[in-house]
Amino acid sequence: MKLRTNLLWGLLMIAIVVFLAACSGDDDGANSEEQDTASEENAEGASGDASEDEEEVTIVYARGVDTTPATEAVIEAFEEEHPNINVEQREMPADTGQSHDQYVTTFSSQSTEIDVFNADVIWPAEFAQANYALELDRFIEQDGIDMDAYFPGTVQAGKFDGKQWAMPQYTDAGVFYYRTDIVEEPPETWDELITQASELQGEEGTEFGYLMQGAQYEGLITNAIEYIASYGGQVVDENNEVVVDSPETIQAIEKMQEIVGSDFVPENILNFMEIETENAWIEGNAVFARNWPYMMSSSNDEESSEVAGNVEMARLPAGDDGSAAALGGWMTMINRYSEHPEEAWEFVKFISGPEGQKISAIEGARPPTLEALYDDTEVQDVSSLFANPEFREVLQTAVPRPVSPIYPEISDIMQIELSTALTGDQTAEEAATNMQEKIEAAMAE
């Protein structure tokens, strides 16, 4: 009996051991499965993080109407180099004033709907002051962008309060046209212009010696800036101080008065804008003219121009301080409230860099702001202007209009005072004094 009892206890102990071993084995398997599952989840998580790093981002690029294939070509090239950044275009009105007002409405509400936008060269200071734009200095520094590679005036136009707010994209500047069938060498100074325009008026059927933009509008300011800068004057200096009431400015206004009041300009010169200048010029009615580079194309259009093949351009005549051209053109800026500032910068860097500007020059005939591109034979082949050393010198000496957050008000004041001086209703001294006082008052508000 005792033996049987011991045997039963032994069998029971063996069963318990086997059962516990089996349970232990099951636990180990469960733990192993849990570990495998956790590893898979971690791997999936890591894979998800990597995928997130490569997530596609769409940025919105706003610009005015582009009738050329340039913008599409630039975006296509950018997206090819940056497959994770898509660029969506938003077309703004062709009228720059309307575009400006739409931007103000959008950015003043801190909207994120636009990431990158084109800006007229007169807008950066205003948009910077209003807190609409993102400062670019940290991006420029981190990517080692050489700002000295750009024409100085184009960089200056995007700089305000010691910071860079816009990158130069393409440029424009006032140029001087002359008839090569009448003139051997263009005048180098305003006084030489006055002499030659008087003497050559009437040659080859011309009616006028000189054409410019004298109407009371923005074009008058660009003309005036060229006179003022050529005599060493300024309207607003780099410290945002008004300095227009100076002997240099007075001398410049007096020279404008002398030319506008001469017999070699049209009697209605104070109604002339760019279109009137261009029409009279291509009809063969003048010896000399001041306008923008685009007029070279219409001048040499054999179907519509009477002067095709007989036109060349040069720097504008110089005053006591040299030749100066008013800067035009467009900049690229980033909306301060963009949700994708890094991606926006990549696009700005590309479109304002060598590759983007070359595409814009070739596909859209837009003058680059990078001087080195004028040595590129493909760029030179686009236009005779791009191959002309004189045009490069024009861009080197181009000066921006007053860089100020209240530039539209400054322009209005200058238009009124200059027009009053050009009609003879006030002196150059009075015009300079009035501009000084009124601009200072506007900036103090």
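Screening the stretch 199-229 for residues that are touching a helix residue (DSSP H, G or I) at 6+ places or on another chain (Cβ under 9 Å) and of a type in the set (Ser, Thr, Tyr) and picking the one that is nearest to Glu267 (Cα to Cα) gives Tyr210. When Glu363, Glu339 are screened for being assigned to a helix (DSSP H, G or I), among the acidic types (Asp, Glu) and over 14 Å from Asn118 (Cα atoms), only Glu363 passes.
Ile75 fulfils the conditions (1) surrounded by 14 or more Cβ atoms within 10 Å (Cβ to Cβ); (2) in contact (Cβ under 8 Å) with a residue 24 or more places away in the chain except for a single criterion, (2). Annotation: Ser384 fulfils all but one of (1) among the hydroxyl-bearing types (Ser, Thr, Tyr); (2) part of a helix (DSSP H, G or I); (3) open to solvent by 30 Å² or more (accessible area, probe 1.4 Å); the unmet one is (2).
Looking at the stretch 276-316, which of the residues that are assigned to a helix (DSSP H, G or I) and under 25 Å from Ser230 (Cβ atoms) is most open to solvent (accessible area, probe 1.4 Å)? Out of the qualifying residues, it is Glu276.
What do you reckon, is Asp412 open to solvent by 50 Å² or more (accessible area, probe 1.4 Å), part of a helix (DSSP H, G or I) and without any contact (Cβ under 8 Å) to a residue 12 or more places away in the chain? Judged against the criteria, Asp412 is a match.
Exactly one residue out of Phe347, Phe391 is aromatic (Phe, Trp, Tyr), touching an Asp or Glu at 6+ places or on another chain (Cβ under 9 Å) and open to solvent by less than 30 Å² (accessible area, probe 1.4 Å), and it is Phe347.
Could you please find all residues in the stretch 88-121 being open to solvent by 20 Å² or more (accessible area, probe 1.4 Å), hydrophobic (A, V, I, L, M, F, W, C) and at pLDDT 95 or above? Answer for the stretch 88-121, where residues must be open to solvent by 20 Å² or more (accessible area, probe 1.4 Å), hydrophobic (A, V, I, L, M, F, W, C) and at pLDDT 95 or above: just Val104. Among residues of the stretch 199-220 that are farther than 27 Å from Glu185 by Cβ, those with a Cβ under 7 angstrom from a residue that is open to solvent by less than 10 Å² (accessible area, probe 1.4 Å), sequence gap 6+ or separate chain, pair up as Glu218/Ser411; Gly219/Gln213; Leu220/Gln213; Leu220/Gly214; Leu220/Leu418. For the stretch 415-445, the set of residues classified as part of a helix (DSSP H, G or I) and hydroxyl-bearing (Ser, Thr, Tyr) consists of Ser419, Thr420, Thr433, listed by residue number.
Residues that are surrounded by fewer than 19 Cβ atoms within 10 Å (Cβ to Cβ) and modelled with pLDDT of 95 or more within the stretch 364-380 comprise Glu371, Ala372, Asp375, Asp376, Thr377, Glu378, Gln380, listed in sequence order.
Where residues in the stretch 157-175 are crowded, with 24+ Cβ neighbours inside 10 Å and outside any loop (DSSP other than H, G, I, E, B), which of them is farthest from the chain's Cα centre (by Cα)? The extreme case among them is Val175.
Of all the residues in the stretch 181-196, those that are assigned to a loop (DSSP other than H, G, I, E, B) and touching a Gly at 6+ places or on another chain (Cβ under 9 Å) number 1. Say whether the condition of being under 30 Å from Ser108 (Cα atoms), small (Gly, Ala, Ser) and modelled with pLDDT of 95 or more is met by at least one residue in the stretch 340-351. Yes, that holds for at least one residue. Residues being open to solvent by 40 Å² or more (accessible area, probe 1.4 Å) and not polar (S, T, N, Q): count how many of those fall in the stretch 262-273. Matching residues across the stretch 262-273 total 4. As a summary of the residue check, Val236 satisfies the conditions (1) buried (at least 20 other Cβ atoms within 10 Å of the Cβ); (2) in contact with a Leu (Cβ under 9 Å, 6 or more places away or on another chain) except for the one numbered (2).
Against the test of being touching a residue at least 12 places away in the same chain (Cβ under 8 Å), over 29 Å from Ala224 (Cβ atoms) and among the charged types (D, E, K, R), the options Glu390, Glu342, Glu363, Glu371 yield a single qualifying residue, Glu363. No other residue among Glu226, Glu199 is open to solvent by less than 50 Å² (accessible area, probe 1.4 Å), among the charged types (D, E, K, R) and part of a helix (DSSP H, G or I) apart from Glu226.
Looking across the stretch 239-258, just one residue is in a helix (DSSP H, G or I), open to solvent by 30 Å² or more (accessible area, probe 1.4 Å) and within 30 Å of Gln164 (Cα to Cα), and that is Glu248. Scanning the stretch 332-344 for residues that are of a type outside the set (D, E, K, R), open to solvent by 40 Å² or more (accessible area, probe 1.4 Å) and in contact with a strand residue (DSSP E or B) (Cβ under 6 Å, 6 or more places away or on another chain) yields one hit, His340.
Inspect the stretch 323-331 for any residue being open to solvent by 20 Å² or more (accessible area, probe 1.4 Å) and touching a Pro at 6+ places or on another chain (Cβ under 9 Å) and give the result as yes or no. There is at least one residue in the stretch 323-331 that is open to solvent by 20 Å² or more (accessible area, probe 1.4 Å) and touching a Pro at 6+ places or on another chain (Cβ under 9 Å).
The values are calculated or read from the model by the stated rules, or taken from the named source; none is laboratory data. Predicted model, so just to flag it, every value in this text is computed and none were measured. Neighbour counts run over all protein chains shown; Cβ positions are idealised from the backbone, glycine included. Accessible surface areas use protein heavy atoms only, side chains included; no ligands, DNA or RNA. Shrake-Rupley method; radii C 1.70, N 1.55, O 1.52, S 1.80 Å.
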